[in-house]
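As structure tokens, the structure follows; a few thoughts come after it.
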Amino acid sequence: MQTNGTQAEYRWIGIDVSKTRLDVYHATAQEYKQFSNDPTGIEALLHYTLNIANAAVVCESSGGYERQMARTLDASGVRMSVVNPRPVRDIAKGLGTLAKTDALDAQMIARYGEIVEPAQTVFASEVDEELKAHITRRQQLVEMMTAEKNRRTGLMGPDRDEITEHIDWLKERIKKLDEKIEDLSESKAEWRERKAILQSPKGIGPFISASFLVMLPELGQVSGKALAALVGVAPFNRDSGSFSGRRRIWGGRAAVRSLLYLATLSAIRANPPIRAYYEHLLSKGKVKKVAIIACMRKFLLCLNAMVKRNEPWCDDKVTAVFKTT
């Protein structure tokens, strides 16, 4: 059975997840097994895992196919980590494993666990998942509506009328989702408090603040540097020898970064400290895109500090963060 142990004592189990199957590799025992990706197979996997002392399971995010298995193991006390597939493949390439089969993938995932020792995944509650699903669906509908508006341009007659009807329908669906998102985001006291803080600066409204609740739960819990990397607004160096390359942002949560971008554009127009910082960067010769990204990062750092300290936005207090000298 599982016992509490230090990280060095973990026995890593890698799982390659597909729609119908779970390929499992126990690194310490060098043992490979298969289970079906259904309630019966997941229950058998759970019994197998619970009989391994200090088991630590790691799998890749697989479009949701891993969700039931991961939640079942986590609920039973198994240390569970769901990770991004890309770094796993990078390690496999670094180890010279270029072939790709389900069994090899499970082995490489277990090896990734041994090398990286990924953090245990904290799974969202059902309410969190429901709110996140509504937010994702709303973003999809907004994208559809934008595409339909673009298609309508230049059209005449019945085709234009049909697209207009579809746009009206999309607007109504978005309105109903906004109501659901508002109700859910008000269902927890901690969410209500955090939303009030997030909406205190000009630039962030109800939807974006509710989105940050479930799409960026680390807000206020980690350092500003770590949060910037999570969102993908931290510049990374590209230096080698005497060559000094241009710093670039890379990776991170694209959906959160997109929302932060929209909030920052609004803030540049209406939020005095951010507008002043943006204009300062332009006066120093920065191109608009670079200036906006810099404002996004500064804005995110302020939001992180506000949530951490449980303090609303104050123009005077954040002026130091948006120094223009």
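The values are calculated or read from the model by the stated rules, or taken from the named source; none is laboratory data. Given the structure is predicted, the values throughout are model-derived calculations rather than measurements. Backbone-built Cβ (ideal geometry, glycine too); neighbour counts: all protein chains shown. The area values use the complete protein model at the heavy-atom level, side chains included, leaving out ligands, DNA and RNA. Shrake-Rupley method; radii C 1.70, N 1.55, O 1.52, S 1.80 Å.
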Once the dipole of the chain is set up from charges on Cβ (+1 Lys and Arg, -1 Asp and Glu), the residue from the list VAL57, ILE293, SER81 lying farthest towards its positive end is ILE293
In whole percent, and with a 1.4 Å probe on the protein chains, what portion of the accessible area of the chain is carbon and sulfur? 51
Here D for region 124-231, in µm²/s, from Stokes-Einstein with a Kirkwood Rh over Cα pairs at 25 °C and 0.890 mPa s, works out to 156
For the table LYS202/LYS317; LYS289/LYS317; LYS288/LYS317; LYS132/LYS175; LYS132/LYS298; LYS171/LYS202, the rows whose alpha-carbon distance is greater than 18 Å are LYS289/LYS317; LYS288/LYS317; LYS132/LYS298; LYS171/LYS202
In the set [x] 53; [y] 60; [z] 47, which value of percent of Cα pairs over 26 Å apart was calculated from the structure you see? [y]
Please compute the length gained on full extension between SER187 and GLN68, using 0.36 nm multiplied by the number of residues separating them and subtracting their Cα-Cα distance. 40.3 nm
According to a simple spin-label model (label point 7 Å from Cα along Cα-to-Cβ), what is the distance in nm between ALA75 and HIS166? 4.0
Excluding exposed DSSP-loop trypsin sites (Lys or Arg not before Pro) (at most 16 other C-beta within 10 Å), longest clean stretch of the chain: 101-187
Percent RCO, i.e. relative contact order, over region 20-73, from Cα pairs under 8 Å lying at least 6 residues apart: 24
With r as the distance between the Cβ atoms of ALA44 and TYR261 and R0 = 56 Å, compute the FRET efficiency 1/(1 + (r/R0)^6) and round to 0.05. 0.80
Just to be sure I understand the rule: take each whole DSSP H helix in the chain, project its Cα atoms onto its long axis, keep it if the span is 30 Å or more and its mean Kyte-Doolittle hydropathy is at least 0.0. Which ones pass? 288-309
Residue separation times 0.36 nm, minus the C-alpha to C-alpha distance between GLU117 and ASP316: what's the value? 67.4 nm
Would you calculate, for the chain, the mean residue ellipticity at 222 nm contributed by helices, counting each DSSP H stretch of 4 or more residues as -39,500 (n - 2.57) and dividing by all residues, to the nearest 500? -18500 deg cm²/dmol
Would you calculate the volume per residue, in Å³, of the smallest convex hull containing every Cα atom of region 52-154? 150
Taking all pairs of different Cα atoms in region 1-97, averaging 1/r and flipping that mean, what Kirkwood radius in angstroms comes out? 13.7
